[in-house]
Amino acid sequence: MRKAAMFDSKPYDSETFEKWTAGQVSIDYFPVRLDERTVSLVQGHEAVIVFVNDDLNANVIEKLYESGVRLIALRCSGFNNVDVKAAFGKLHIVRVPAYSPEAVAEHTAALLLTSVRRIHKAYNRTRDFNFSIAGLVGWNLHGKTAGIIGTGKIGRAFLNICKGMGMKILAYDKYPSEEVDAQYVPLETLYKESDVISLHCPLADDNVHMINEDAIKQMKRNVILLNTSRGGLIDAEALLQGLLDKRIGGACLDVYEEESDLFFEDRSGHILQDDVLARLLSMPNVIVTSHQAFLTEEALDGIARTTVQNLVDFFDGKPIPNEICYRCAELDQCRKKRKENCF
Ligand code: NAI
């Protein structure tokens with residue numbers, strides 16, 4: 001049977017994947033992340049199944065290729081951790097473009113409501129039999145303005161939740177869509193007029209630290225900033241300063257630029273070395289979750305089903321619709337548009 005090696009595997013991964021493999025592919029589950037130190041584990045496998053914090057740089061890709069691996073199957077939608085150019089012509093790359101945008105959008109809404117109604121503080125108080133409500137004054141979302149950056153699948157799902165709560169929507173997207181029922185505005189306007197700003201665009205070379213000192217200065221005082229997309233979109237030091245200056249009223253982060261050494265693991269016995277994160281975590285108006293916005297039963301099931309299908313299509317030599325390569329951005333060169341594989 002064709003063999004794949006899964007990296008950064010958690011118990012819930014093997015549980016859900018084994019439901020879908022059904023004798024079509026054999027998966028070895030490795031809890032370690034894929035990087036230059038662990039790449040030797042791939043011997044005897046034709047594919048690797050990787051996640052957001054596996055490091056697929058050019059060296060790792062070369063070693064995968066030399067070991068006989070021919071497919072990188074991302075079990076997520078983002079692929080900023082893969083050197084797609086280095087892989088071209090050697091390893092095919094597939095991803096799960098959508099599994100449950102609602103899972104991420106609902107988590108974003110949960111963070112927003114927790115923040116504006118101080119649920120995180122109330123939860124801790126009542127568990128200590130402290131039933132005081134002093135200091136828990138929140139504000140209504142109804143009638144306020146949500147600025148949504150990135151109106152793809154997740155952005156749209158979140159936009160609909162915000163509409164349902166009676167919020168006005170302002171949207172920004174590099175490629176606005178006529179299907180989106182919202183007013184597209186320039187970023188400057190979105191920053192100036194939004195009470196809540198939520199990031200739902202992918203991280204790419206041109207938008208690293210798009211939320212920086214300059215962007216924060218343009219924002220409405222007391223804005224709530226939500227990031228369930230990728231940590232690198234926000235300059236964390238500028239965010240910290242914005243919170244200290246009381247320009248930002250609250251930050252809800254499911255992702256963090258330096259998350260790869262921390263998130264998904266129990267670090268409670270360690271001293272946190274990241275001073276910026278430590279300071280952020282000490283603030284009553286900052287809520288951090290550990291890249292868990294996708295973590296619902298429905299989403300895990302969708303991820304496993306699509307990833308196994310991607311593997312089977314590749315092994316059977318069929319067209320793989322979920323393939324990506326660096327030429328996707330150059331439409332005239334994109335072979336996928338002609339229903340062919342990327343190389
Ligand atoms: P999508 O591809 O459906 O939508 C992305 C949208 O962003 C598109 O409309 C695109 O035109 C727009 N965009 C691209 N570059 C932009 C830029 N520089 N500025 C503004 N807009 C830009 O992707 P989807 O499924 O909505 O996911 C969005 C992001 O959410 C992913 O890239 C990933 O980083 C993140 N994500 C986070 C998860 C979590 O557990 N926290 C889980 C899944 C995805």
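If you go through region 208-225 and keep only what is open to solvent by 20 Å² or more (accessible area, probe 1.4 Å) and within 22 Å of the chain's Cα centre (by Cα), you end up with VAL208, HIS209, MET210, ASN212.
Which residue, of ILE197, ILE154, ILE148, is within 14 Å of the ligand (Cβ to nearest atom), buried (at least 19 other Cβ atoms within 10 Å of the Cβ) and in a helix (DSSP H, G or I)? None of the other options fit; the residue is ILE154. Inside region 102-116, residues that are open to solvent by less than 30 Å² (accessible area, probe 1.4 Å) and away from the ligand (no atom under 11 Å from the Cβ) make up a count of 4. Selection within region 157-177: residues that are without any contact (Cβ under 8 Å) to a residue 40 or more places away in the chain and within 9 Å of the ligand (Cβ to nearest atom). The member of this set that is surrounded by the fewest Cβ atoms within 10 Å (Cβ to Cβ) is TYR175. When ALA98, ALA86, ALA122 are checked against the criterion of being part of a helix (DSSP H, G or I) and under 28 Å from LYS174 (Cβ atoms), ALA86 stands alone in meeting it. In region 61-78, the residues that are open to solvent by 70 Å² or more (accessible area, probe 1.4 Å) reach residues that are part of a loop (DSSP other than H, G, I, E, B) and at pLDDT 95 or above with C-beta atoms within less than 9 angstrom, at least six apart or across chains, in these pairs: LYS63/GLU36; LYS63/VAL69; TYR65/LYS90; TYR65/LEU91; ARG70/GLU46; ARG70/LYS90; ARG70/LEU91.
Within region 273-284, residues that are farther than 15 Å from ASP235 by Cβ sit with their Cβ atoms under 7 Å from residues that are open to solvent by less than 90 Å² (accessible area, probe 1.4 Å) and of a type in the set (D, E, K, R), at 6+ positions apart or across chains, in these pairs: PRO284/LYS121.
The residues on offer are ASP181, ASP254, ASP206, ASP261, and the sole one that is of a type in the set (D, E, K, R) and more than 15 Å from the ligand (Cβ to nearest atom) is ASP261. On the basis of being open to solvent by 20 Å² or more (accessible area, probe 1.4 Å), part of a loop (DSSP other than H, G, I, E, B) and more than 22 Å from VAL196 (Cβ to Cβ), does LYS336 make the cut? It is false that LYS336 is open to solvent by 20 Å² or more (accessible area, probe 1.4 Å), part of a loop (DSSP other than H, G, I, E, B) and more than 22 Å from VAL196 (Cβ to Cβ). No other residue among ILE303, ILE248 is among the aliphatic types (A, V, I, L, M) and either without any contact (Cβ under 8 Å) to a residue 12 or more places away in the chain or touching a strand residue (DSSP E or B) at 6+ places or on another chain (Cβ under 8 Å) (or both) apart from ILE248. Screening GLU265, GLU323 for residues that are of a type in the set (D, E, K, R) and open to solvent by 80 Å² or more (accessible area, probe 1.4 Å) leaves exactly one candidate, GLU265.
Selection of first residues in region 108-133 that are farther than 22 Å from LEU225 by Cα and without any contact (Cβ under 8 Å) to a residue 12 or more places away in the chain and of second residues that are open to solvent by less than 70 Å² (accessible area, probe 1.4 Å) and assigned to a helix (DSSP H, G or I), restricted to Cβ pairs under 7 Å at least 6 apart or on distinct chains, gives the following pairs, ordered by first then second residue: SER132/ARG125.
Conditions tested, residue by residue: (1) at pLDDT 95 or above; (2) part of a helix (DSSP H, G or I); (3) away from the ligand (no atom under 16 Å from the Cβ).
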site	(1), (2), (3)
GLY232	yes, yes, no
LEU239	yes, yes, yes
GLY242	yes, yes, yes
GLY250	yes, no, yes
ILE287	yes, no, no
ASP301	yes, yes, no
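Screening VAL82 on (1) within 11 Å of the ligand (Cβ to nearest atom); (2) open to solvent by less than 60 Å² (accessible area, probe 1.4 Å); (3) closer than 27 Å to ASP316 by Cα; (4) of a type in the set (A, V, I, L, M, F, W, C) shows it passes everything except condition (1).
The values are calculated or read from the model by the stated rules, or taken from the named source; none is laboratory data. Worth saying up front: this structure is predicted, and the values here are computed from it rather than measured. Every residue, glycine as well, gets a Cβ built from its backbone with ideal geometry; the counts of neighbours run over all protein chains shown. Note: accessible area is taken over every heavy atom of the protein model, side chains too, but ligands, DNA and RNA are not part of it. Shrake-Rupley method; radii C 1.70, N 1.55, O 1.52, S 1.80 Å.
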